[in-house]
Amino acid sequence: MVLTNCIRLTATAVSKFGQRDILCNIRSLTTAPVASTAITSFSPSTGEQQRRQHASYGKMSGWQIHSYGVPQEEIQFSEGIKMPILKSPTQLLVKVKASSVNPIDVAMINGYGASVLNAMRCKDGGIEFPLVLGRDFCGEIVQKGLGISSRELEVGDEVWGVVPVHLQGCHADYVVVEKYCLFKKPSNLSKIDASAILYAGLTAWSGLYITGHLGDLLGAISPVGGGAGKKVLVLGAAGGVGTLAVQMLLAEGVEVFATCSPDAMQMVNNLGVKYVLDYTDPAHVQNVASVGRFDIVLDCAGKGTEYANEVPWLYDQYITFNSPVLKNIDADGFAAGMYQNAVNLVRNNAAALSTRQGLVKWGYFMPAPQGIAYLQRLAEKGKLLPVVEKVFSYASTPDAYERVAQKHLRGKVVIDFE
């Protein structure tokens, strides 16, 4: 799934300082009108005052795709997007101040999950194109539904939140989300850091606590976490999900082992991981095997289920976020795709169990409120801070997508809307 006035943890800063030093230094059913938060015709670099004027006419700017393809060709700026409106008493309208770009955004431009996600989108009254991407954000509430009390959230509150993957996203001036996807922003996080945690953090949290049962039943249904004394291997610990996963595990007293590329080893070590291995060194496979049995091997590197049977490691669970479920449905249709998914899962588990290894599972992003609450608790205690590789301006959003498309990230890529 940081002290006051702490600095943002960039990849450079993490490499230069230890984690301890870094953390110590660093429109229906509504109650409030959009009113003062409002954008005329402008370019992506237009100032805040013009954006407010434009929004007063029910329009906003944003970045959209109109067909599937590659990011540098498909991502387009538009200044005439219809502002989203509240459709239920439990929704809120948020003015976005910062948002990260995640690998899922690039994958969706390439057509990943188009069959299932588009069916879900249209079922909720949406359309396939144009599509705004972006899954996590930091911003300010400008409107809220009648079903949300002032004790919970109020207009003007600074918040962080996530958008389910089948809905219109947050790479635009405004986004509408359900209450369960939104919490008050931890006061000790900057808008940049807050915008870089939730999608990757909830992916890691779901893999560990929903799929992996690291904290047993209580860890899955509440924000208590758990897992002290267990042993977990994180593959791809230098990426957006991996850097947050290792911090979560360390905060819970888990013994953490990690793999990454040689140029990222110091960074991962500075996050607090004692046992960091170079995955490009062939000897790392045997070195990991010599450690003994792991409670969980968490694949944040996209190795997939086949890799679980290629290495001689012992584990109770091997959990990968590189699931073939949507890919198979895209390729073969729903019925044939789900059949292929079942065959893949049975085959991989049969192979693993025959070699005295454990279960092979798929992990997923899950926008669960107890997951957000868990991440909020860690962030407020100064135990969770994103590694931010680079911050792009709103006008440079296509460049941010291109950087994520190049892969081998050191943490997260963020767009600063202001």
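The values are calculated or read from the model by the stated rules, or taken from the named source; none is laboratory data. Owing to the predicted nature of the structure, the values given are computational and were not obtained by experimental measurement. Note: ideal-geometry Cβ built from the backbone for every residue, glycine included; neighbour counts use all protein chains shown. Heads up: the accessible areas ignore ligands, DNA and RNA and are worked out on the full protein's heavy atoms, side chains in. Shrake-Rupley method; radii C 1.70, N 1.55, O 1.52, S 1.80 Å.
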TODO: Provide the packing ranking of 225-237, 170-182, 325-337, i.e. peptides ordered by the mean count of other C-beta atoms within 10 Å per residue, highest first.
DONE: 170-182, 225-237, 325-337
Task: Pairs from Lys95/Lys179; Lys303/Lys327; Lys231/Lys407; Lys303/Lys407 whose Cα-Cα separation, in the structure shown, is over 18 Å - done: Lys231/Lys407
- [ ] For the stretch 212-362, count the residues as N, evaluate 2.2 N^0.38 Å, and divide the Cα radius of gyration by that value, please.
- [x] 1.07
- [ ] Read phi for every residue in the stretch 154-167 and hand back ³J(HN,Hα) as whole Hz from Karplus 6.51 cos²θ - 1.76 cosθ + 1.60, θ = phi - 60°, with x for Gly and Pro.
- [x] 9, 4, x, 5, 7, 9, 10, x, 10, 10, x, 5, 8, 9
- [ ] Please sort by residue number the trypsin sites (Lys or Arg not before Pro) in the stretch 235-305 whose DSSP state is loop and whose Cβ has at most 14 other Cβ atoms within 10 Å.
- [x] Lys274, Arg293
Task: Leu189 accessible area, assembled protein chains, probe 1.4 Å, Å² - done: 10
Open item on the list: Roughly how far apart, in whole Å, are the Cα centres of the stretch 357-410 and the stretch 126-202?
Closed with: 15
Task: Alpha carbon centroid spacing (whole Å) that separates the stretch 93-111 from the stretch 304-318 - done: 31
- [ ] May I ask you to derive the relative contact order of the stretch 212-362, considering only C-alpha pairs under 8 Å and at least 6 residues apart, and to give it as an integer percent?
- [x] 18
TODO: With only Lys, Arg, Asp and Glu charged, each at its Cβ (+1 for the first two, -1 for the last two), find how big the charge dipole of the stretch 212-362 is about the Cα centre; round to the nearest 20 debye.
DONE: 260
TODO: With the full set of protein chains in place, find how many percent of the accessible area of the stretch 276-335 is carbon and sulfur; take the probe as 1.4 Å.
DONE: 52
Task: Under 5 Å, built H, 5+ apart or other chain: amide partners of Tyr318 - done: Val297, Leu359, Val360, Lys361
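Give me the Kirkwood hydrodynamic radius of the stretch 353-418 in Å, from all C-alpha pairs, to one decimal place?
One decimal place: 15.3 Å for the Kirkwood radius.
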Task: In order through the stretch 81-86: 3J(HN,Hα) via Karplus (6.51 cos²θ - 1.76 cosθ + 1.60), integer Hz, x for Gly, Pro - done: 6, 5, 5, x, 10, 6
Task: Residues whose placed amide H lies under 5 Å from that of Phe137, excluding near-sequence neighbours - done: Gly161
Task: Per DSSP, loop chymotrypsin sites (Phe, Trp or Tyr not before Pro) in the stretch 189-224 with at most 12 further Cβ within 10 Å - done: none
Task: FRET efficiency for His66 and Ser149, using Cβ-Cβ distance with R0 set to 30 Å, rounded to 0.05 - done: 0.15
- [ ] May I ask you to derive the relative contact order of the stretch 280-360, considering only C-alpha pairs under 8 Å and at least 6 residues apart, and to give it as an integer percent?
- [x] 29
TODO: For the stretch 133-256, with all protein chains present and a 1.4 Å probe, just round the carbon and sulfur fraction of the accessible area to a whole percent.
DONE: 58
